[in-house]
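To start, the structure under review is shown below, and the notes come after it.
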Amino acid sequence: MSKALIVTVGGSDEPIVSFIKTHKDTTDFIYFICSGGKVPQASSPAVDDRINGKPQKKCRKCGTIIEESISGKESIIKQSGYKDKYEKVELNNPDDFDEVYKKTYETIEKAKQNYNEIIADFTGGTKTMSSVLTMLAGLDFKIKLSLVKGRRKNTEKTSSDSIPIILNVDLPRSDSILKIADILISKKLYYSACSILKDLLQEGLKQDISEKVRHKYDCCHAFALWDSFEYDSAYNILNNYTKYYGDKFSYLLKILKKNKSSGYEPVFDLVSNAERQADNGYYDNATSRIYRALELFSQTLLIAKFQIDTSHLEKSSDKINMEKWNKYKNEKGEIQIGLKLSYELLNELKDEIGEVYFNKKSEFIDNIKIRNDSKLAHGNSPISETDWKKIILFCKEYLKSCCQKIGINPEYPRLPDKIL
């Protein structure tokens, strides 16, 4: 394991020396973030180029003091006894936030590329230097954040008996990730939110924070599974959180036929799923789901009302005129029909839904053609937002007319945009 230290350097040596002494035996490299230039306030010379002291000068004749003595003080490198490699990252203006941010960020990235363990200490330096290092390192799970603590002799300096402490920054780090997850959840991107929450759970958080993250992850995972039509798996998780999502859970029970239902809930759920896809700009994905929803509606009706399976039409020879349908028989002797033909069959059976289809056939075919010409079907044309708006409007109006005929109300589930 290779190890690097990052430290901001200010006017006080003691905290920095204490920090380096604590870690020097296991450290391979140190990055000193310091102020440069030749001004007296520059902290760069304190690292490795400090004057070791000058005696007081007096006039030989009269004894008048010409130059006061400068107390000898060794550099930080010498005081700490550190003998390995280091780099000084000099700042032209240690109070210029943009400069401090840019150079500190670059230093951290360089350290992460070259070393496995990184400890950043923000005790020294200007307020801008220490706050920037705290902000960048404090939110980075790959870095340990250090502060030198001790008794203060005054408001500016800690005492020489101070000790470097590794801070627990689980709370701000987890909060920053949770905010990102909340943004993804607000856009119904549950899978993406789950991914970063799962990574967060692997960081060994404090118990209270871990429990909060686990709650959000579990709920988010349930809706990600729901979004992927894995209803049984979603049920197994959401069953533990019914007090938070009772209405969603009730609808899931209908989809799974564990509660009284119309039988068409999977159709309506597909439409809602399509709308979530469209909300994020995936119009081709959304349109494919609408196509399937319309097909599933006819298939559900044919099974429920006529016990006709559109994937094995040959088994229903006693219910339909097979002379028309035999031409669709495949090499296995099976007759499988899709969206348009299933509604044609309903019309042939003189079903009221077949009548709705017949009356809207021209508009129905126009909308299906948009899907058929798309990349995810048989064509090469991406579906635009305008195309999508036309398709979803037609779909909902069409399903509404069909549902009125069979005496049910379309009920489109709305998955949450917030998980507390």
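The values are calculated or read from the model by the stated rules, or taken from the named source; none is laboratory data. From a predicted model like this one, the values you see are computed outputs, not experimental measurements. Please note: Cβ atoms are built from the backbone with ideal geometry, for glycine as well, and neighbour counts cover all protein chains shown.
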Among the residues of segment 219-248, which ones are buried (at least 17 other Cβ atoms within 10 Å of the Cβ) and among the charged types (D, E, K, R)?
Asp227, Lys248
How many residues does segment 272-313 contain that are surrounded by fewer than 23 Cβ atoms within 10 Å (Cβ to Cβ) and of a type in the set (Val, Ile, Thr)?
4
Within the set of pairs 6 or more residues apart or between chains, which connect a residue that is assigned by TED's automatic domain parsing to the domain that holds Ser210 and on the phi > 0 side of the Ramachandran plot inside segment 164-177 to a residue that is surrounded by fewer than 16 Cβ atoms within 10 Å (Cβ to Cβ) and modelled with pLDDT under 95 with Cβ atoms less than 9 Å apart?
none
Keeping to segment 311-344, report how many residues are among the polar types (S, T, N, Q) and within 41 Å of the chain's Cα centre (by Cα).
1
Somewhere in segment 319-337, is a residue in a helix (DSSP H, G or I) and either among the β-branched types (Val, Ile, Thr) or modelled with pLDDT of 95 or more (or both)?
no
Return the pairs, sorted by first residue and then second, in which the second residue is surrounded by fewer than 16 Cβ atoms within 10 Å (Cβ to Cβ), the first residue lies in segment 85-106 and is under 16 Å from Leu136 (Cβ atoms), the beta carbons are less than 7 Å apart, and the residues are 6+ apart or on different chains.
Leu91/Glu99; Glu99/Asn92; Glu99/Asn93
Members of segment 325-351 found to be surrounded by fewer than 12 Cβ atoms within 10 Å (Cβ to Cβ) and touching a helix residue (DSSP H, G or I) at 6+ places or on another chain (Cβ under 9 Å), listed by number:
Gly333
Take segment 380-410 and flag every residue that is surrounded by 14 or more Cβ atoms within 10 Å (Cβ to Cβ), outside any helix (DSSP H, G or I) and under 34 Å from the mean Cα position of the chain (by Cα).
Ile383, Pro410
In segment 194-212, how many are in contact (Cβ under 8 Å) with a residue 24 or more places away in the chain and in contact with a His (Cβ under 9 Å, 6 or more places away or on another chain)?
1
Which residues, taken from segment 274-314, are part of a helix (DSSP H, G or I), in contact with a strand residue (DSSP E or B) (Cβ under 9 Å, 6 or more places away or on another chain), free of Cβ contacts under 8 Å to residues at least 60 places away in the same chain and more than 23 Å from Phe358 (Cβ to Cβ)?
Glu314
Here is a check on your reading of the model: is Gly263 over 27 Å from Ile408 (Cα atoms) and part of a loop (DSSP other than H, G, I, E, B)?
no
Just name the residue that is surrounded by the most Cβ atoms within 10 Å (Cβ to Cβ) out of those in segment 367-379 that are touching a strand residue (DSSP E or B) at 6+ places or on another chain (Cβ under 8 Å) and not small (Gly, Ala, Ser).
Asp373
Can you name the number of the only condition in (1) assigned to a helix (DSSP H, G or I); (2) buried (at least 20 other Cβ atoms within 10 Å of the Cβ); (3) of a type outside the set (Phe, Trp, Tyr) that Pro164 fails?
(1)
Does any residue of segment 168-178 turn out to be outside any helix (DSSP H, G or I) and modelled with pLDDT under 95?
yes
Being in a loop (DSSP other than H, G, I, E, B) and under 25 Å from Gly246 (Cα atoms) is the filter here, so list the residues in segment 184-229 that pass it.
Lys187, Lys188, Leu189, Ser228, Phe229
State the number of residues belonging to segment 119-161 that are modelled with pLDDT under 90 and either of a type in the set (Ser, Thr, Tyr) or surrounded by 15 or more Cβ atoms within 10 Å (Cβ to Cβ) (or both).
7
